[in-house]
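The values are calculated or read from the model by the stated rules, or taken from the named source; none is laboratory data. All figures in this text were calculated on a predicted structure; none of them were measured in a lab. Every residue, glycine among them, receives a Cβ derived from its backbone with ideal geometry; neighbour counts consider all protein chains shown. Note: accessible area is taken over every heavy atom of the protein model, side chains too, but ligands, DNA and RNA are not part of it. Shrake-Rupley method; radii C 1.70, N 1.55, O 1.52, S 1.80 Å.
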Amino acid sequence: MMPSNCCRCTHNIQENGRLKARIAVLQARLQTQSLGKGNVSVGKDETASVPPVSTDSRRNPLAQSPQPDNFLTASGWKCCSNAQPVSLIQPTETFNRFSPLSSGSESEDEPSLVSTPPVTGSEMPRPPTISTDKLKTLVNGDSITRSIRLEANHPAIIHCLPGGRATDVKANLKMVLAKDKTGECREYRDIVIHVGTNDVRMKQSEVTKRNIASACKSARKMCRHRVIVSGPLPVRGSDELYSRVSQLNRWLKTVFCPTQKIEFVDNWPSFWDSPTNRTKPGLLRSDGLHPSWRGALILSTNIDRALTPLASQ
């Protein structure tokens with residue numbers, strides 16, 4: 001005999017028993033669907049039609065102790081749980097049509113949707129090879145190179161850098177070399193470098209020497225044949241400036257160019273008058289640094305002579 005409870009407790013117990021019975025019915029119907037007994041749909045109205053379940057064990061067997069794991073009792077049916085349950089949700093095959101665009105590697109048994117043409121050579125286009133006689137000469141230097149005019153058999157491009165030093169020449173060569181790789185410019189037959197007058201004003205002889213050597217090293221990457229160094233011109237000014245320019249010219253002529261196998265254009269004898277120990281009159285402007293039109297003609301002739309042996313080959 002059930003113990004006496006208050007009305008609220010009795011109602012909760014009845015509601016609990018009703019829900020358990022409803023769960024058992026739903027589980028039984030799911031098992032029935034899995035065994036092929038037919039598809040049974042459960043609606044809202046059906047849930048409401050389930051009568052309240054009594055908690056008396058004599059009148060409702062569901063109120064008894066829990067059933068064993070291998071049996072489920074619902075509405076007088078007995079279903080064996082030995083049958084393997086079948087999932088009602090079937091897996092859906094998926095395919096990513098954007099998988100060829102991903103960065104990961106593709107499987108060997110899955111062909112790619114994007115056909116890639118075979119690579120037969122280097123991806124970077126190579127610039128066309130130009131014959132030697134069509135290559136030009138590059139003259140790169142300070143403001144003294146502004147008035148250089150070479151002969152017709154030596155077509156040249158003049159890169160004049162006013163106030164430029166050896167570091168400026170190297171930076172300009174790197175810029176031209178970068179354009180060469182993109183095909184905007186071509187390589188040069190010879191490169192003539194004329195610097196030194198502005199470098200000696202820094203009063204750092206060893207730094208100047210290293211900078212000139214570095215500029216010549218960059219020039220070797222761009223010319224097909226030779227790098228030519230045009231020596232500085234004697235200047236009119238202080239004795240210190242003249243001495244530094246003279247020492248730089250001597251180092252280029254006797255030490256640097258012979259050891260590096262670089263051709264040197266010695267402009268000093270053409271502009272310096274040894275008997276009078278001064279520059280030859282009429283070859284420099286009034287500033288004592290830049291050549292006049294006569295001096296520019298002599299400087300151009302000296303560079304032409306250095307380029308002439310190559311033209312006869």
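Brief remarks follow.
- The residue that is modelled with the highest pLDDT, among those in region 122-176 that are assigned to a helix (DSSP H, G or I) and in contact with a Phe, Trp or Tyr (Cβ under 9 Å, 6 or more places away or on another chain), is Ser147.
- For region 181-201, the condition of being assigned to a strand (DSSP E or B), aliphatic (A, V, I, L, M) and without any contact (Cβ under 8 Å) to a residue 60 or more places away in the chain holds for at least one residue.
- Leading residue by the ranking (modelled with the lowest pLDDT) among those in region 276-291 that are open to solvent by less than 20 Å² (accessible area, probe 1.4 Å) and in contact with a strand residue (DSSP E or B) (Cβ under 7 Å, 6 or more places away or on another chain): Thr279
- All conditions but one from (1) within 25 Å of Glu151 (Cβ to Cβ); (2) open to solvent by 70 Å² or more (accessible area, probe 1.4 Å); (3) out of contact with any Ser or Thr (no Cβ under 8 Å at 6 or more places or on another chain); (4) touching a residue at least 40 places away in the same chain (Cβ under 8 Å) apply to Gln260; the one that does not is (1).
- Scanning region 204-257 for residues that are free of Cβ contacts under 8 Å to residues at least 12 places away in the same chain, part of a helix (DSSP H, G or I) and within 41 Å of the chain's Cα centre (by Cα) yields Glu206, Val207, Arg210, Lys217, Arg220.
- Single residue of region 146-174 satisfying the filter (open to solvent by 70 Å² or more (accessible area, probe 1.4 Å) and under 20 Å from Leu135 (Cβ atoms)) that is nearest to the chain's Cα centre (by Cα): Lys174
- Tally, over region 259-312, of residues that are in a strand (DSSP E or B) and more than 24 Å from Ala215 (Cβ to Cβ): 5
- Of all residues in region 192-234, those satisfying the criterion of being over 26 Å from Arg294 (Cβ atoms) and β-branched (Val, Ile, Thr) are Val207, Thr208, Ile212, Val227.
- When Leu177 is tested against (1) in contact with an Asp or Glu (Cβ under 7 Å, 6 or more places away or on another chain); (2) surrounded by fewer than 23 Cβ atoms within 10 Å (Cβ to Cβ), just one condition goes unmet, and that condition is (1).
- Condition broken by Val207, with the remaining ones in (1) among the β-branched types (Val, Ile, Thr); (2) surrounded by fewer than 16 Cβ atoms within 10 Å (Cβ to Cβ); (3) touching a helix residue (DSSP H, G or I) at 6+ places or on another chain (Cβ under 6 Å) satisfied: (3)
- For Leu252, the conditions (1) crowded, with 16+ Cβ neighbours inside 10 Å; (2) at pLDDT below 95; (3) closer than 22 Å to Leu138 by Cα all hold with the exception of (2).
Residues checked against (1) closer than 18 Å to Val192 by Cα; (2) among the basic types (Lys, Arg):
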position	(1), (2)
Asn249	yes, no
Leu252	yes, no
Phe264	yes, no
Pro269	no, no
Lys280	no, yes
Arg285	no, yes
Leu297	yes, no
Ser300	yes, no
Arg305	yes, yes
